[in-house]
Amino acid sequence: DWKEEAAGNRHDNETFLKMVDVAEKLLRREILVRSDKQSARGLVLAAYKESDRKDLIVLAEHYPWKKVLVQFPEPLYVVAPYCDKWAVSAVPIEWSSFTNRKDFPPEWAGKEGDELASVSGVLDAVFCHRSLFFAVAKSKEGALARAEKAISR
C-alpha cells in the first residue's frame, strides 16, 4: 500500500506471485476433481448399460453415481465398495433429493450388528441408516442380499 511505498518497501509483486502459486494449486486441484468426476460418470454409465438388471446396479468402486443413475427410471439401489466393507445406497428420486425411489424396510432403520442381522436375515449386516437410504454389510454378497431383500418387499 502507499505506506509501504513511502517506506521503500514494495511487496506487491512478492505477494502477487505467492497468490499466483496458491491460485495455480487450486486450479490444478479443481481440474483434477472435474476430470475424475467425468471419468467416474463414464464408469457408472457403463455399469448401468452392462447390467443385466436395471433395478440394482453394482459398481466396482465407490464412484459418484447419483447424477448419472437418477437419469434412468429403473435403478432402486446401488451396491459398491465402502472402506473395507460394502454399501447399499437407495437411489433418490432426483440427485439433490432426500426422497428415495424405494426405502429399505422400516424395521431396519437405525439397527446395527446382530440386531440388524436378525431383522434383515443377512448375517454380515453392519448398519442401516435410520433414514433408510444407506446400509452397510461386511461382504459384497451380504450387500447384494440386503438389496435383493429390499427390492422384493
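The values are calculated or read from the model by the stated rules, or taken from the named source; none is laboratory data. Since this is a predicted model, take the numbers as computed values, not measurements. Cβ: placed from backbone, ideal geometry, glycine included. Neighbour counts: every protein chain shown. Protein only, heavy atoms only, side chains kept; ligands, DNA and RNA dropped before computing areas. Shrake-Rupley method; radii C 1.70, N 1.55, O 1.52, S 1.80 Å.
Those residues that are in a helix (DSSP H, G or I), over 18 Å from the mean Cα position of the chain (by Cα) and either over 13 Å from V68 (Cβ atoms) or modelled with pLDDT under 95 (or both), I need them from the stretch 31-52; list them, please.
Within the stretch 31-52, I31, E50 qualify.
Which numbered condition trips up S89, out of (1) modelled with pLDDT under 95; (2) among the polar types (S, T, N, Q); (3) under 21 Å from L43 (Cα atoms)?
It is condition (1) that S89 fails.
Picking from R101, R146, R130, which residue would you name as being surrounded by fewer than 19 Cβ atoms within 10 Å (Cβ to Cβ), farther than 24 Å from K37 by Cβ and free of Cβ contacts under 8 Å to residues at least 60 places away in the same chain? Let's see the steps before the verdict.
Working: R101 fails: farther than 24 Å from K37 by Cβ; R146 fails: surrounded by fewer than 19 Cβ atoms within 10 Å (Cβ to Cβ).
Just one listed residue meets the conditions, R130.
Does E4 qualify as being open to solvent by less than 100 Å² (accessible area, probe 1.4 Å), of a type outside the set (G, A, S) and modelled with pLDDT under 85?
Values: open to solvent by less than 100 Å² (accessible area, probe 1.4 Å): yes; of a type outside the set (G, A, S): yes; modelled with pLDDT under 85: yes.
Judged against the criteria, E4 is a match.
List the residue pairs whose Cβ atoms are under 8 Å apart, where the first residue sits in the stretch 41-59 and is farther than 10 Å from P75 by Cβ, the second is of a type in the set (D, E), and the two are 6 or more positions apart or on different chains.
Once the first residue is farther than 10 Å from P75 by Cβ and sits in the stretch 41-59, its partners that are of a type in the set (D, E) give L43/E61.
Please specify each residue of the stretch 112-126 satisfying the condition of being out of contact with any helix residue (DSSP H, G or I) (no Cβ under 6 Å at 6 or more places or on another chain) and either surrounded by 17 or more Cβ atoms within 10 Å (Cβ to Cβ) or at positive phi (or both). Spell out how you get there, then give the answer.
Going residue by residue through the stretch 112-126, those that are out of contact with any helix residue (DSSP H, G or I) (no Cβ under 6 Å at 6 or more places or on another chain) are 112-118, 121, 126.
Matches in the stretch 112-126: G113, L116, A117, G121, V126.
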